[in-house]
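The structure appears right after this line, and notes come after that.
The values are calculated or read from the model by the stated rules, or taken from the named source; none is laboratory data. Just so it is clear, the structure is predicted and the values come from calculations on it, not from any experiment. Cβ sites come from the backbone with ideal geometry, for glycine too, and all protein chains shown count toward neighbours. Calculation scope for accessible area: heavy atoms of the full protein, side chains included, ligands and nucleic acids excluded. Shrake-Rupley method; radii C 1.70, N 1.55, O 1.52, S 1.80 Å.
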Amino acid sequence: MSGHGTPIPMQAHFSRGLSGRADVPGDKSISHRSLILGALCVGETRITGLLEGEDVLDTAKAMRAMGAEVMRDEGGTWHVYGVGVGGFAEPDQVIDCGNSGTGVRLIMGAMASSPITATFTGDASLNKRPMARVTDPLALFGAQTVGRSGGRLPMTIVGAVDPVPVHYTVPVPSAQVKSAVLLAGLNAPGQTVVIEQEATRDHTERMLAGFGAQITTETTGEGRVITLTGQPELRPQIITVPRDPSSAAFPVCAALITEGSDVLVPSIGLNPTRAGLFTTLREMGADLTYENEREEGGEPVADLRARFSPDMQGIEVPPERAASMIDEYPVLSVVAACASGATVMRGVKELRVKESDRIDAMATGLRACGVEVEEGEDWWIVQGRGAGGVSGGATCASHLDHRIAMSFLVLGLAARKPVAVDDGGPIATSFPIFEPLMAALGADIRRV
Ligand code: S3P
């Protein structure tokens, strides 16, 4: 688990001509869901391409603690022998979800409609994050919660003995909240309805359908109305996890801002609820092409080819696109710093409650690297300095946030002076092969 070990300071130096192929790991969102849904059906679910990052490994441990058998074979395939909907055993120890908001929120949802009690904790970052957004709707099913002030972990959930189905409009654009409610709805009799006003990543809906649940989505004047029929018998699946667009973002953006680069990032999931960054980069004038577009495992996929793009221009990112690129704003702000003109990002309040306050973390580090940034509660503007215009030369705090650490390291490849991060340890939560992968492309990133 990150955040408990010795910090790993890292530094990125000016680099040229990144080239080759970047095989990024499996999608984090889909990996968590594969393990949890596998644990909720009887029989063997087989998963290939699972992200073996700390976040997902913590979810695997949690599923074992709740009675599922979860193992990895020598070939790297994961096997989950689940307990069935409503079949979770009461864990006899505290469940530690490490750094993972997705892990803890989805698991809380999955157990809240079962008659067991579980206590959850996490690292210093996770224990600061708001959980009421999940425990409020879980209370409607009949679950009870006791946590620290402000609805923070550590927290105990007493699952509902006689869960009732719920009709819930998600008040913030959050796939974690939507998914927690749907997973709780699995063990409630009758129909659970979740309404989201803004479309967020739909992996839970797609996977529930794949596992045989009765689930429909309708777009109405209210938003996306998702209806799930409870107490299904889920059927185990064979799952191939697509590669993570949120991880692909780092080598792609590194290539765009680093002179002479030409990088191929194959087989990236381009589900429209996830691909907002790539649309935005293309609108900024990035030389980013989709090759070999195809469908794999029900998800649109393409090979991304990114080449150095010295003439990118800042744009106003449409706020309605925010949910489809919510994890990518930190690295977008790095590209924005290397583009010309202002990049305006609005409707992004959620960035303040991620693994860190991502607007504050990026604004502080960018300013230290000579980039002008303005910010408000739900917006920020980065004034681009043009290709080769960022001075760098600062040490930036990663705040136990993998994406902040990787974003500043990408910036250091294009800045005139090196950019350091105080702790690259959290990178292992989502992208454990970041260092060798970037080194193989020719990026000069070192531990110091
Ligand atoms: C995720 C949803 C998003 C995202 C997170 C993964 C998911 O969080 O930031 O990295 O897998 O459902 P929110 O639901 O809080 O927006």
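Taking the stated definitions as given, is ALA209 in a helix (DSSP H, G or I) and under 30 Å from ARG16 (Cβ atoms)?
For ALA209, the condition - in a helix (DSSP H, G or I) and under 30 Å from ARG16 (Cβ atoms) - is not met.
Looking only at segment 195-218, filter to residues that are within 13 Å of the ligand (Cβ to nearest atom) and open to solvent by less than 50 Å² (accessible area, probe 1.4 Å); which one of those is nearest to GLU44 (Cα to Cα)?
MET207
Tally up the residues in segment 302-323 that are surrounded by 24 or more Cβ atoms within 10 Å (Cβ to Cβ) and either of a type outside the set (A, V, I, L, M, F, W, C) or under 23 Å from GLU372 (Cβ atoms) (or both), please.
Residues meeting the conditions: 2.
What tally of residues in segment 178-193 results from selecting those that are more than 13 Å from the ligand (Cβ to nearest atom) and open to solvent by less than 30 Å² (accessible area, probe 1.4 Å)?
Residues in segment 178-193 being more than 13 Å from the ligand (Cβ to nearest atom) and open to solvent by less than 30 Å² (accessible area, probe 1.4 Å): 7 in total.
Can you confirm whether ALA89 is modelled with pLDDT of 95 or more, buried (at least 24 other Cβ atoms within 10 Å of the Cβ) and more than 16 Å from the ligand (Cβ to nearest atom)? Give the steps one after another, and end with the answer.
Values: modelled with pLDDT of 95 or more: yes; buried (at least 24 other Cβ atoms within 10 Å of the Cβ): no; more than 16 Å from the ligand (Cβ to nearest atom): yes.
No: the conditions fail for ALA89.
Name the pairs whose Cβ atoms lie under 9 Å apart, with the first residue in segment 93-112 and over 19 Å from LEU182 (Cβ atoms) and near the ligand (Cβ under 9 Å from one of its atoms), the second small (Gly, Ala, Ser) and in a loop (DSSP other than H, G, I, E, B), and 6 or more positions between them or separate chains?
Listed pairs, sorted by first residue: none to list.
Any residue at all in segment 414-422 that is assigned by TED's automatic domain parsing to the domain that holds SER340, within 30 Å of ASN127 (Cβ to Cβ) and crowded, with 24+ Cβ neighbours inside 10 Å?
Quick first cut of segment 414-422, residues assigned by TED's automatic domain parsing to the domain that holds SER340 only: 414-422.
Now drop any that are not within 30 Å of ASN127 (Cβ to Cβ), which leaves 419-422.
Next cut, crowded, with 24+ Cβ neighbours inside 10 Å only: 419, 421.
Yes, that holds for at least one residue.
Among the residues of segment 285-303, which ones are in a loop (DSSP other than H, G, I, E, B), touching a strand residue (DSSP E or B) at 6+ places or on another chain (Cβ under 7 Å) and more than 19 Å from LEU332 (Cα to Cα)?
Scanning segment 285-303 gives a single hit, GLY297.
Of everything in segment 304-336, what is in contact with a strand residue (DSSP E or B) (Cβ under 9 Å, 6 or more places away or on another chain) and not hydrophobic (A, V, I, L, M, F, W, C)? Give them in sequence order.
Within segment 304-336, ARG305, ARG307, SER309, ASP311, GLN313, GLY314, GLU316, PRO318, PRO319, TYR329, SER333 qualify.
Under the condition of being more than 16 Å from the ligand (Cβ to nearest atom) and open to solvent by 50 Å² or more (accessible area, probe 1.4 Å), which residue from segment 150-177 is modelled with the lowest pLDDT?
So the first thing to find is which residues in segment 150-177 are more than 16 Å from the ligand (Cβ to nearest atom), and the list is 150, 154-167.
Add one more test, that the residue is open to solvent by 50 Å² or more (accessible area, probe 1.4 Å), and what stays is 150, 154, 158, 161-162, 164-165, 167.
Working: GLY150: 93, PRO154: 98, VAL158: 98, VAL161: 98, ASP162: 98, VAL164: 98, PRO165: 98, HIS167: 98.
If we take residues in segment 150-177 being more than 16 Å from the ligand (Cβ to nearest atom) and open to solvent by 50 Å² or more (accessible area, probe 1.4 Å), then GLY150 is modelled with the lowest pLDDT.
Which numbered condition in (1) touching a residue at least 12 places away in the same chain (Cβ under 8 Å); (2) part of a strand (DSSP E or B); (3) not acidic (Asp, Glu) is the only one that GLY76 fails?
All conditions pass for GLY76, except number (2).
Can you pull out the residues in segment 51-79 that are in contact with a Lys or Arg (Cβ under 8 Å, 6 or more places away or on another chain) and surrounded by 24 or more Cβ atoms within 10 Å (Cβ to Cβ)?
Scanning segment 51-79 gives LEU51, GLY53, ASP55, VAL56.
Test of understanding: among ASP73, ASP136, ASP92, which residue is closer than 28 Å to VAL172 by Cα and not polar (S, T, N, Q)?
ASP136
Please find, among GLY109, GLY87, the residue that is of a type in the set (Gly, Ala, Ser), touching a helix residue (DSSP H, G or I) at 6+ places or on another chain (Cβ under 6 Å) and more than 30 Å from ALA397 (Cβ to Cβ). Break it down stepwise before answering.
Values: GLY87 fails: touching a helix residue (DSSP H, G or I) at 6+ places or on another chain (Cβ under 6 Å).
Result of the check over GLY109, GLY87: GLY109.
Regarding PRO251, is this residue in contact with a Gly (Cβ under 9 Å, 6 or more places away or on another chain) and outside the structural domain of LEU51 (by TED's automatic domain parsing)?
In short, no.
Please give the strands (runs of 3 or more DSSP E) falling wholly within segment 1-60 in which 3 or more residues are under 29 Å from ALA112 (Cβ atoms).
Here the list reads 43-48.
Tell me yes or no: at least one residue of segment 392-413 is among the aromatic types (Phe, Trp, Tyr), in contact with a Ser or Thr (Cβ under 9 Å, 6 or more places away or on another chain) and under 22 Å from THR280 (Cα atoms).
Yes, the conditions are met somewhere in segment 392-413.
Would you confirm whether or not segment 258-276 contains a residue that is within 16 Å of the ligand (Cβ to nearest atom) and out of contact with any Lys or Arg (no Cβ under 9 Å at 6 or more places or on another chain)?
yes
If you check ALA405, ALA337, which single one turns out to be more than 21 Å from the chain's Cα centre (by Cα), farther than 24 Å from GLN197 by Cα and of a type in the set (A, V, I, L, M, F, W, C)? Give the steps one after another, and end with the answer.
On the way: ALA405 fails: more than 21 Å from the chain's Cα centre (by Cα).
Every option except ALA337 fails the conditions.
Residues are listed down the side, and each one gets a yes or a no for (1) modelled with pLDDT under 95; (2) open to solvent by 20 Å² or more (accessible area, probe 1.4 Å); (3) more than 22 Å from the chain's Cα centre (by Cα):
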residue	(1), (2), (3)
VAL348	no, no, no
LEU351	no, no, no
SER356	no, no, no
GLY365	no, no, no
VAL382	no, no, yes
ARG385	no, yes, yes
